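I have placed the structure first, in the form of structure tokens, so that the comments after it can refer back to it.
The values are calculated or read from the model by the stated rules, or taken from the named source; none is laboratory data. Note that this is a predicted model, so its numbers are computed, not measured. Note that we place each Cβ from the backbone using ideal geometry, even for glycine, and neighbour counts take in every protein chain shown. Note: areas computed on protein heavy atoms with side chains; ligands, DNA, RNA excluded. Shrake-Rupley method; radii C 1.70, N 1.55, O 1.52, S 1.80 Å.
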Amino acid sequence: MSNEKRDEYAIRQEKIKELLELGINPYPYKFEKNADSVYLKSNADDLLEKEFSFAGRIVLKRVFGKLIFAHLRDESGDLQIAIEKNKAQVAGTTLDALKFFKKYCDIGDFVGVEGTLIRTKTGEPTILVKRLYFLAKGLRQLPEKWHGLQDRELIYRARYLHLIDSLEAREVFKKRTRIIYLIRKFLNDRGFYEFETPILQPVYGGAHAKPFKTHANALRTDLYLRISDELYLKRLLVGGYEKVYEFSKDFRNEGIDRLHYPEFLALEAYAAYWDYNDMMKLAEEMLSFLVKEIFGSYVIEYQGEKIDFTPPFKRISYIDELSKRAGFDIVNADTDRIRQKAKEEELSGWNKLDRWRLIDKLFDKLIGDEIKDPTFVLDHPKAISPLAKTHREKNDRVERFELFILGMEIANAFSELNDPIDQRKRFEDQLKQREEGNTEIPPEIDMDFVNALEYGMPPAGGIGFGIDRIVMLLTNQHSIRDVILFPQLRPREED
RNA sequence: GGGCCGUUAGCUCAGGCGGUUAGAGCACCGGAUUUUUAAUCCGGUGGCCGCAGGUUCGAGUCCUGCACGGCCCA
């Protein structure tokens with residue numbers, strides 16, 4: 001980029017040269033570390049005067065004349081080390097560690113130390129170094145030590161810097177893996193099998209979304225990155241498995257905002273002989289379990305809002321609630337009436353969208369956005385739910401629920417449609433909707449899936465969760481990009 | 001897609017109504033310093049002010065366009 005970067009860069013390159021001249025490998029192979037910083041700090045009183053080997057990145061350096069303090073950061077946090085003059089050597093040499101550290105060890109470098117755990121005058125647990133190991137040289141300067149990395153763009157473009165810099169950021173992503181671990185445990189404990197189904201699909205389906213398209217040379221065919229794994233997990237029910245799930249990276253070639261990202265993590269789970277009531281129970285149990293495990297309480301705070309996950313969650317009817325809020329029977333009203341209402345509510349596309357997308361938008365605006373605590377929205381209109389069974393009592397709706405929290409759609413579940421004739425007809429109705437202009441509907445019916453259903457699929461409940469959004473809620477992050485390690489940004493010209 | 005905001009040293013930020021050589025802190029380099037917690041003190045290096053045009057005697061500052069990013073809206 002600029003020459004000035006070179007200056008610091010050049011100084012550090014020079015140090016590498018000098019290290020080599022001293023016979024010290026600036027990039028050695030291995031170090032035996034036997035304790036981490038959190039362990040040493042939290043058990044310091046029991047460990048005083050004992051010897052440890054410890055390693056990490058230098059994040060702070062305070063040089064006195066004959067004494068150096070430095071903070072080494074490892075995965076778990078920071079630990080102070082102290083080096084006294086003429087009391088420690090560089091491993092494998094007779095060099096005095098203090099002089100060496102002062103001259104060659106910069107902020108950003110990795111070092112290892114062997115020494116005794118002590119407390120300093122001020123009580124800080126500190127390793128008093130006896131032997132110093134140089135472990136890796138960094139050539140670039142780290143972000144500013146007090147304010148840290150603030151530039152949003154750099155935070156996303158160079159996540160490694162953000163992670164070096166911010167222990168809070170590390171916590172967010174550690175929590176993400178813990179959430180995924182806990183979900184896995186929850187489902188495995190209930191007899192679910194985790195499977196992997198194709199990411200590349202010849203016909204995409206299971207949702208309404210625009211796909212990413214690619215080409216397989218070996219098969220001489222176009223393929224799509226999945227927008228959902230639903231139709232494959234159901235094939236597994238046909239195959240005879242009774243409880244299945246998959247953490248599915250799904251891909252939707254659409255906009256990016258606080259809640260949407262083109263590559264996101266879904267969890268879908270299916271259970272034979274269940275209906276959507278059973279799935280509702282599963283969702284309630286799973287989320288309250290997660291929240292309790294992570295917070296020790298059912299109430300969490302997200303961006304200043306308290307959210308109560310105490311089961312059972314609230315339940316409201318999609319159609320009845322929407323009709324009530326709109327002031328007329330919305331499902332049976334004619335499209336002009338709905339369009340009129342959409343106009344009143346200032347919904348974009350009120351004059352373009354088809355009836356069902358208008359209804360869905362009205363729902364989001366009038367009801368979804370108002371929801372705070374976890375709430376099940378039940379029994380959606382049939383036309384927008386082609387994979388769900390018709391409601392056992394009311395013919396105009398399906399057995400479906402969506403779980404909303406703070407206006408966010410967190411889960412979506414059905415009593416799964418397993419009647420192949422009905423399924424084929426619903427797909428055909430969908431194609432008609434596509435012809436009427438809804439380009440998010442897949443253009444082709446997955447006939448192999450229909451074929452599978454024709455061999456018989458047991459009655460089943462199914463559910464899909466938006467994992468990124470759950471992680472957002474449980475880590476108090478404002479944007480989905482803050483729970484995705486390496487979000488995509490537009491490319492920048494190279495320096 | 002629309003609106004608003006941002007882009008100045010490696011990082012974090014100042015730069016009044018346009019005015020002469022663009023500042024600070026951290027980091028870095030040199031010196032002092034044996035108990036610091038963002039250590040301190042003295043001295044120093046480091047700028048295509050996002051990019052391209054325009055207005056002007058004169059632009060980091062005003063105007064236009066573009067790029068990248070953020071927030072909000074649809």
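First check a/c for the stretch A:329-376, with a ≥ b ≥ c the square roots of the eigenvalues of its C-alpha gyration tensor; if it is under 1.5, answer rounded, and if not, answer prolate when a/b is larger than b/c or oblate otherwise. Since a/c reaches 1.5 and a/b is larger than b/c, the shape of the stretch A:329-376 is classed as prolate. Relative to the longest principal axis of the Cα atoms of chain A, the long axis of helix A:420-435 makes an angle of roughly 80 degrees.
Of the listed residues A:102, A:365, the order by accessible area with a 1.4 Å probe, largest first, is A:102, A:365.
Heavy-atom accessible area with a 1.4 Å probe sorts A:168, A:344, largest first, into A:168, A:344.
Helices in chain A, meaning DSSP H runs of at least 4 residues, each add -39500 (n - 2.57). Divided by all residues, the mean residue ellipticity at 222 nm is -10500 deg cm²/dmol. Projecting the Cα atoms of A:54, A:169, A:156 onto the dipole axis of chain A, where Lys and Arg carry +1 and Asp and Glu carry -1 at the beta carbon, places A:54 farthest toward the positive end. Annotation: lysines with alpha-carbon distance below 24 angstrom to residue A:365 (same-chain offsets under eight excluded): A:210, A:306, A:314, A:324, A:341, A:343, A:352, A:382.
The Cα atoms of the stretch A:149-259 give a gyration tensor whose axes a ≥ b ≥ c have a/c of 1.5 or more with a/b no greater than b/c, which makes the shape oblate. Per residue, the solvent-accessible area of the stretch A:3-136 (1.4 Å probe, heavy atoms of protein chains only, all protein chains present) comes to 54 Å². Counting every alpha-carbon pair across the stretch A:58-163, the share separated by more than 17 Å comes to 55%. Largest accessible area first, the listed residues A:446, A:278 line up as A:278, A:446 when surface is computed with a 1.4 Å probe on the assembled protein chains. Ligands, DNA and RNA aside, residue A:280 has an accessible area near 10 Å² when probed at 1.4 Å.
Placing +1 on the Cβ of every Lys and Arg and -1 on the Cβ of every Asp and Glu, with no other charges, gives the stretch A:72-206 a dipole of roughly 280 debye about its Cα centre. Take residue A:42: with every protein chain present and a 1.4 Å probe, its accessible area is about 90 Å². Reducing the stretch A:433-485 and the stretch A:224-271 to their Cα centroids gives an inter-centroid distance of 5 Å.
Scattering from chain A was approximated by placing one identical point on each alpha carbon and applying the Debye formula without solvent; log10 I(q)/I(0) at 0.08, 0.09, 0.11 1/Å stands at -0.66, -0.78, -0.98. Computed from Cα atoms alone, the Kirkwood hydrodynamic radius reported for the stretch A:384-495 is 17.1 Å.
For chain A, the residue among A:64, A:219, A:461 whose Cα projects farthest onto the positive side of the dipole built from Cβ charges is A:64. Dipole magnitude for the stretch A:281-384: computed about the Cα centre from +1 point charges on Lys and Arg Cβ and -1 point charges on Asp and Glu Cβ, it is near 300 debye. Model label sites at residue A:294 and residue A:348, defined 7 Å from Cα along the beta-carbon direction, differ in position by 3.0 nm.
Per residue, how much accessible surface does the stretch A:191-346 expose to a 1.4 Å probe? Answer in Å², no decimals.
Here the residues of the stretch A:191-346 average 49 Å² of exposed surface.
Helix A:355-366 and the longest principal axis of the C-alpha atoms of chain A enclose an angle of approximately 50°. Per atom type, chain A shows carbon and sulfur on 49% of its accessible surface, probed at 1.4 Å.
Here the dipole of chain A is about 1780 debye; that uses its Cα centre as origin and unit charges on the Cβ of Lys and Arg (positive) and Asp and Glu (negative).
As I understand it, the value is the acute angle between the Cα axis of helix A:276-295 and the longest principal axis of the Cα atoms of chain A; what does it come to in degrees, rounded to 10? The helix A:276-295 is inclined about 20 degrees to chain A. Annotation: for a label point projected 7 angstrom from Cα along Cα→Cβ of residue A:257, residues of the stretch A:397-412 with backbone N closer than 15 Å are A:407-409. How would you classify the stretch A:3-136 from its alpha-carbon gyration tensor, with a ≥ b ≥ c the square roots of the eigenvalues: rounded for a/c under 1.5, else prolate if a/b is greater than b/c, otherwise oblate? Because a/c hits 1.5 or more and a/b exceeds b/c, the stretch A:3-136 counts as prolate.
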